[in-house]
1. Describe numerically, in nm with one decimal, the distance between label points set 7 Å from Cα along Cα→Cβ at Val237 and at Lys256.
2. Expressed in nm to one decimal, what extension gain is obtained for the pair Ser143 and Ala249 from 0.36 nm per residue of sequence separation less their Cα-Cα distance?
3. Grab every C-alpha pair in region 1-118, bin the distances at 5 angstrom width from 0 up to the longest one, and report whole percents.
4. Taking the Cβ of each residue in Phe2, Phe145 as the centre, tally the other Cβ atoms inside 10 Å and list the residues starting with the fewest.
5. Work out how much length Ile185 to Thr135 would gain on full extension: take 0.36 nm times their residue separation and subtract the Cα-Cα distance, in nm to one decimal.
6. Going down the table (Lys3/Lys172; Lys14/Lys172; Lys130/Lys199; Lys91/Lys256), which pairs top 20 Å between alpha carbons?
7. Given the Cα-Cα distance of Lys204 and Trp37 and 0.36 nm per residue of separation, how much length would full extension add, in nm?
Amino acid sequence: MFKLIKYEIIGKYKSLLILSIITIILNLALLSRWNSWPHSAIIGLSVMISVVVSVVVFIWCIGIFSQDVYDDKGYLTFTIPQRGYSILGSKLIVSWIFAIITSIVSGIFLYGFSSNTVDISKQLDTAGLKINVITCIIFVLWSIFDFALVLLEIYFAITITRLAVFKKKLGKFIAFGAYIIELVILSVINWGLAKIFPKKCYIKMFEGVSGSISSNGRANIDVITKGLPYNIATSIVFPIILVVALFMATSYMIEKKIDL
């Protein structure tokens, strides 16, 4: 697996480096206008840069897998003496590396711009709030998990297109259709689970509270005092089961069923 990861990084590191440099240059250009432009506009543009970079990286992460499936590169990848889970795992790990690096670069500038506009620590102290560090770490790890889930859903749909007798030029179109069908099925399952298992848990972002922020609507849930509500079945249990199932199914198809 490590050789596969090294191979993928060598093939993309220049592009990743260029993208990171462009992100830094654009944000430094915004920083040079700090005393000339409205701070809100600069932060908004920095957010826009971050979103564009995230979209580019996400497309790269899909391409890391789809190039093996649809292009001649797959004849090398899928014929080497590697198990299906090693091939798929290497794609996910490289995708995580790309996403984390670009997120850190963009996040540093966003935090810098925001902290120079509003003293976040002072605002929290005034409100009597203290951020729960453990919860923040859990959210970061869960976002990485969610990213893997989305990629696995796409990888699964792409892999399916090589199991049937489809022309290669129609593969990407059929993969898109398969992904849409997959999303519809998963949405129905989530809806059903939420009806059958309505139990929720609350994850607190703050340790101390001297005020409250309430959501609108009948529930009127206080997200500060009680925490953020999550359905246990649809937001925690089912995603974990789905990641394991998709990883195993896609790995099996890569190793045993994919038609080169």
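Read the figures in this text as sums done on the coordinates, not as results from a lab. Treat the numbers as computed from the prediction; the structure is a model and nothing was measured. Here the Cβ is made from the backbone with ideal geometry for all residues, glycine too, and neighbour counts use every protein chain on show.
1. Result: 2.8 nm between the two label points.
2. Details: separation 106, 0.36 × 106 = 38.16 nm, distance 2.24 nm.
Gain on stretching Ser143 to Ala249: 35.9 nm.
3. Binned Cα distances yield the sequence 2, 11, 20, 18, 13, 11, 9, 7, 5, 3, 1, 0.
4. Working: Phe2 9, Phe145 12.
The fewest-first ordering by Cβ neighbours comes to Phe2, Phe145.
5. Working: separation 50, 0.36 × 50 = 18.00 nm, distance 3.10 nm.
Contour length minus the Cα-Cα distance gives 14.9 nm.
6. Details: Lys3/Lys172 28 Å; Lys14/Lys172 26 Å; Lys130/Lys199 27 Å; Lys91/Lys256 18 Å.
Beyond 20 Å between Cα atoms: Lys3/Lys172; Lys14/Lys172; Lys130/Lys199.
7. Working: separation 167, 0.36 × 167 = 60.12 nm, distance 3.64 nm.
Full extension from Lys204 to Trp37 adds 56.5 nm.
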